[in-house]
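Okay, so here's the structure we're looking at.
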Amino acid sequence: MTFDLDVLREQVGYIDVDPYAVAAHALRYGTPGALDLLALMATDGRDGYAPVQAAADAFATTGALPSGLDARAVGALAQALIGKHHRPGGSYDASARMHRLAHAIGSLDDQPTGFAKLLVQTQLAAGAHAELDALLVATPGLVDEHLAWIVRTDRLRDDLEAWSASFGEIFAEGQAPVRIGAGEGRPFDRLEATEAVRLSSGVHDPLVTVVMSVYGADESLLTAVRSIVEQTYPHLELLVVDDCSPAEHTAAIDAVADLDPRIRVLRMPENGGTYRVRNHALAQARGELVTFQDSDDWSHPERLARQVAALQARPGAVASLSSWVRMTPDLVLNRVGYAATRVNASSMMFRREPVVARLGGFDTVRKDADSEFRDRLAATYGEEALVVLPDVLAVAQLTADSLSRDDFAFGWWAPTREAYGAAYGHWHDRIRRGVASPVLDPSAARPFPAPATFVDRVPEPVTCDVAYLSDWRVGINRYDAAPRRVRALLDAGLDVHAGQAVNLRHAYRTRRETVPEIRDLRADRGLGWLVWTEPVHARLTVVDSAELLMFPRSAADVRLTTERLVVVAGSSPRVPARGWTLYDPATVERNGRELFGVDVEWWPAHAGVADALRAAGATTTVLPPRSVAVADHGLARPSVVSRPPVVGAARLEKIGKNRLPGAQLVRYLPVDGAYAVRVLDDDEVVPKLFRKNPVPPSWTIVTGVPLDVFAADADVFAGYAPDAWGDGVTWPMASALAAGAVLIVDPRHRPVLGDAAVYATPDEARATLDALTSDPASFAAQRERGDAFVRSQLDPAAFAAYVRSLAWPS
């Protein structure tokens, strides 16, 4: 995908988000055009990416500092260049140079926490050792103790004795020192600890079963096995389970049983993956405690002893975990964006009988079930029942063919990992609330959906009636109505898959959970979830708003195909009063074709939008105008105005440039006590709008209440939507009408709402409100007009019927 720089310049003026949020979006989705967009943010709209990278290259070679650059945006651009989608040739060189430029033109105070770490790690990864030394000298305190250890140790790899001395510093005081032993073979396979002594609690030492899954056999298998039989804790059995390896590996796997009488070799009848192996081994285990060891990693000889001791010290605990240090087979610790140590999921040691009785087994997916099991333990027993030791008690190999290594990069998770974590997380939430059993029976249906490629190596093709794309993240109020539209389609019997898309204006540096409504529909109603890297074919794909296709994910990661692609245009492409371009029709059309292979068809909310689309450059089909809004018709309400009248408002915009400060908010919400004003929002949005003055005493701030419940208590709803939401029917407007409130909105919504609402600018709102609430007959008539609109225009069944007609045109 290519972007016109003029289009990007218009977006810079509109999106109003921190450059690092744009960088996070680029890292997660591989967004084409993101580097140019960040460069424009860095140059006040002058230049795209190429000139900024040229400036960074020139600074690297000549030391000449360019002028007119924003340090924070340059830092964000440097961060985006770390990403797997944007790193030229897989090299960190460009990011390293851009980081140095950002540091030279600004200060660490201009950058977020973590910039200094990335500055150093990219230099190390790019082999820019002289530049790194200069940075460390010029900026005392640039690195913390852990990063200093990574830098020092990685640069000693040519001297194994010195490397061993430095590497050993990561282990806890009192642990046996670790070094690279003498001999032939890869350094990793010569890891050893000296002077290891047994740690004993002086009480009963339970038998520990260690389970090791193996497929194929190389030298690392012997390394892993030796690290277990050399444990200072002697009361163990090691179950080496061959996951139906090719016949040429049978003899080598059988041979490990000769290393120690405590080893048993078991065989799976067919290849099923690590977690089928673990379930099989749990049935064969004799130990009171069970833990695991990966077949290509190394455990410190004190690992089992320390984890057993932790459980003995906490009789109420059900499991213990320890940490590991991760490195490549050639001893590289630096992985840009990551610490070298973390909690070791495979180190989990638990009390076998009570845990298996209560939880059942591992999920038999191909990846990530150790994390699911650990999180299910915590959901069932509470986090306090898991003892997490800070001790580094294992060394993991980051090999090129690891099942997990290619699933994670800085700022990016594989879509399959995200989908799996979100699905089991929802089940775990129900376990915590006591409304779901924690038992996972591997022979029964999985209690949550899993990505197809996690279940089968070559899954069956998936088809559906409708793929519905929206932003399903919590707190993105612009798209609150989308779950109700999806439910309408499911109610109509359509097979629907939901797909996550993002409007760049709502980009955030941190990840957000999926809204509960969609998680419930996935769990209870069979709503499918688009895992973008897995093949799905839809008869019809509906995109909930055009902005979602302005900066989409990389087409290389999309395997959704479709027969029709319909993009909802709930508002006109431009907001002339603000000078904003919400979306560029030509860009949306090009991105739609590159992502899905078919032309965009536009679904305009009203005739004015249809005209605006054509005027702004839309060239593909524009369907007949029709509102996309839906709402459930509420119960009949008496047409009597409360005394004092209740005025409601909800879901105020949080984006800075379009957020109303308190001084403007009071223009359309009364402050004098003649009305009871109630405002529904979250995150303390309203108090933040009144930083200089207190919230009016007649206002009540409401949180944690569903919008329809909130609206049912309002006589009048002030539905003043942010300009960036366009001129369509918003979810607060639809919910208020459905709940029986009279709606006052800005005149720009007249083309779609007609006589269902009362229109007033913010300055006219008070006079309009007074006139409306003082005339019972007019109030009752307006309420009836709103009710008629809900029944005729917002009917969910009619919406579903129209979508069905798009999927199966006559």
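The values are calculated or read from the model by the stated rules, or taken from the named source; none is laboratory data. The model shown is predicted, which means the values in this text are computed figures rather than measured ones. All Cβ positions, even for glycine, are placed from backbone atoms using ideal geometry, and neighbour counts span all protein chains on display.
Condition first: closer than 27 Å to Ile476 by Cβ, part of a loop (DSSP other than H, G, I, E, B) and of a type in the set (A, V, I, L, M, F, W, C). Can you find one or more residues in region 744-751 that meet it? There is no residue in region 744-751 that is closer than 27 Å to Ile476 by Cβ, part of a loop (DSSP other than H, G, I, E, B) and of a type in the set (A, V, I, L, M, F, W, C). Residue selection: Val598 fails the criterion of being modelled with pLDDT under 95, over 24 Å from Ala798 (Cβ atoms) and not assigned by TED's automatic domain parsing to the domain that holds Ala777. Would you check if there is a residue in region 480-488 being within 16 Å of Val531 (Cβ to Cβ) and modelled with pLDDT of 95 or more? Checked against the condition, which is being within 16 Å of Val531 (Cβ to Cβ) and modelled with pLDDT of 95 or more, region 480-488 yields no hits at all. Considering only region 156-178, I want to know if a residue exists there that is charged (D, E, K, R) and surrounded by 18 or more Cβ atoms within 10 Å (Cβ to Cβ). The answer is no, given that none of the residues of region 156-178 is charged (D, E, K, R) and surrounded by 18 or more Cβ atoms within 10 Å (Cβ to Cβ). Taken over region 479-492, the criterion of being of a type outside the set (Phe, Trp, Tyr) and farther than 11 Å from Gly526 by Cβ is satisfied by Asp480, Ala481, Ala482, Pro483, Arg484, Arg485, Val486, Arg487, Ala488, Leu489, Asp491, Ala492. In the condition set (1) of a type in the set (Val, Ile, Thr); (2) under 31 Å from the mean Cα position of the chain (by Cα); (3) farther than 22 Å from Tyr424 by Cβ, Val365 is compliant with all but (3).
Filter region 76-98 down to the residues that are in a helix (DSSP H, G or I) and on the phi < 0 side of the Ramachandran plot and list them by number.
Once the filter is applied, which keeps residues that are in a helix (DSSP H, G or I) and on the phi < 0 side of the Ramachandran plot, region 76-98 yields Ala76, Leu77, Ala78, Gln79, Ala80, Pro88, Asp93, Ala94, Ser95, Ala96, Arg97, Met98.
Applying the criterion of at least 3 residues that are within 23 Å of Ala285 (Cβ to Cβ) to the strands (runs of 3 or more DSSP E) found wholly in region 170-269 leaves 208-214, 236-242, 263-267. Restricting attention to region 523-574 and to residues that are within 24 Å of the chain's Cα centre (by Cα) and basic (Lys, Arg), the residue that is surrounded by the fewest Cβ atoms within 10 Å (Cβ to Cβ) turns out to be Arg525.
Those helices (runs of 4 or more DSSP H) of region 441-533 in which 2 or more residues are more than 21 Å from Leu565 (Cα to Cα) and among the aliphatic types (A, V, I, L, M) occupy 452-455, 516-524.
A quick yes/no check of all residues on (1) of a type in the set (Ser, Thr, Tyr); (2) in contact with a Gly (Cβ under 6 Å, 6 or more places away or on another chain); (3) more than 17 Å from Ala422 (Cβ to Cβ):
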{"position": "Arg485", "(1), (2), (3)": "no, no, yes"}
{"position": "His497", "(1), (2), (3)": "no, yes, no"}
{"position": "Ala507", "(1), (2), (3)": "no, no, yes"}
{"position": "Asp520", "(1), (2), (3)": "no, no, no"}
{"position": "Val531", "(1), (2), (3)": "no, no, no"}
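Within region 295-316, does at least one residue satisfy the condition of being at pLDDT 95 or above, within 28 Å of the chain's Cα centre (by Cα) and closer than 20 Å to Leu236 by Cα? No.
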